[in-house]
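See below for the structure under consideration.
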Amino acid sequence: MKGVADFYNKTATEWSDEILKEKKESEILKKFYSCFSLAGTKAPRILDMGCGAGYDSRILASLGANVIGIDLSENLVNIAKNKIKNVRFVVGDITESLTALGRFDGISCLATLTYVDVQKMKQTFFNIGQVLKRGGLLLVSSHDGDGKDLKESFVKIDGEEYDKNFNNYTAEELCGFAYPQFKLVDTWKFKDFDEGWRYYIFIKE
């Protein structure tokens, strides 16, 4: 059975065309960026984790951030590179070391940790902590709930089976994975957005 990277490589064109039509992340990212403006951080260096076709990266760059996008899918990264010229995009696995990318003032991780196994979550937060500056902000979105969602995870395309590994995580679980490097400082919920999704702001201590 094929995994997450295989699924998004297979559906890259279809998925990127659809997501680029959506505007919901704009409100979230503007609110996230305003945190840096209020702190007086000009042109913050932000890592967009799970950047996909670059939609969130493009928004952050348009607001004034210096953005690097990283994604597991080579096909999605290539689409982002072709469409967005003022952002650097790289193929990479966030469950592995990120230190080659340098240090960041902020990290956006929207609907990305959803695809990380629970056994790898602690290491993933450690990797994030290695590249986020002290006092830096981490924006995380997660679908609230317990365990792996089998209905969302398993799909068949052109006769081949894929496991997207769609996991639900509660706020308490995320705080446990994040400890002791991070502290939860705010939780956002947008009533007009997908039911069940929560948005969390962590600060690097």
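Please determine whether any residue of the stretch 164-182 is charged (D, E, K, R) and assigned to a strand (DSSP E or B). Before the answer, list the steps.
Going through the stretch 164-182, the residues charged (D, E, K, R) turn out to be 164, 172-173.
Going one step further and asking which of them are assigned to a strand (DSSP E or B), we end up with none.
Within the stretch 164-182 (the criterion being charged (D, E, K, R) and assigned to a strand (DSSP E or B)), the answer is no, since none of the residues qualifies.
Restricting to the stretch 132-186, what's the tally of residues that are in contact with a Cys (Cβ under 7 Å, 6 or more places away or on another chain) and surrounded by fewer than 18 Cβ atoms within 10 Å (Cβ to Cβ)?
Counting residues in the stretch 132-186 that are in contact with a Cys (Cβ under 7 Å, 6 or more places away or on another chain) and surrounded by fewer than 18 Cβ atoms within 10 Å (Cβ to Cβ) gives 1.
Of the conditions (1) touching a helix residue (DSSP H, G or I) at 6+ places or on another chain (Cβ under 7 Å); (2) surrounded by 16 or more Cβ atoms within 10 Å (Cβ to Cβ); (3) closer than 16 Å to residue 69 by Cα; (4) β-branched (Val, Ile, Thr), residue 116 satisfies every one except a single condition; which number is it?
All conditions pass for residue 116, except number (3).
Answer yes or no as to whether residue 123 is over 20 Å from residue 78 (Cα atoms) and free of Cβ contacts under 8 Å to residues at least 24 places away in the same chain.
Numbers: over 20 Å from residue 78 (Cα atoms): yes; free of Cβ contacts under 8 Å to residues at least 24 places away in the same chain: no.
No; evaluated as a whole, the condition is false for this residue.
Limited to the stretch 159-193, what total is found for residues that are closer than 25 Å to residue 6 by Cβ and in contact (Cβ under 8 Å) with a residue 24 or more places away in the chain? Please lay out each step first, then the result.
First pass over the stretch 159-193, keeping only residues closer than 25 Å to residue 6 by Cβ: 159-169.
After this cut, where a residue has to be in contact (Cβ under 8 Å) with a residue 24 or more places away in the chain as well, the list is 160-169.
Residues meeting the conditions: 10.
Kindly provide the set of residues from the stretch 97-113 that are surrounded by fewer than 21 Cβ atoms within 10 Å (Cβ to Cβ), within 16 Å of the chain's Cα centre (by Cα) and small (Gly, Ala, Ser), ordered by number.
97, 111
Residues being in contact with a Gly (Cβ under 7 Å, 6 or more places away or on another chain) and surrounded by fewer than 18 Cβ atoms within 10 Å (Cβ to Cβ): count how many of those fall in the stretch 64-87.
Qualifying residue count for the region: 1.
Only the coordinates and a few stated rules stand behind these numbers; no lab work does. These numbers were taken from a predicted model, which means no experiment stands behind them. Cβ: placed from backbone, ideal geometry, glycine included. Neighbour counts: every protein chain shown.
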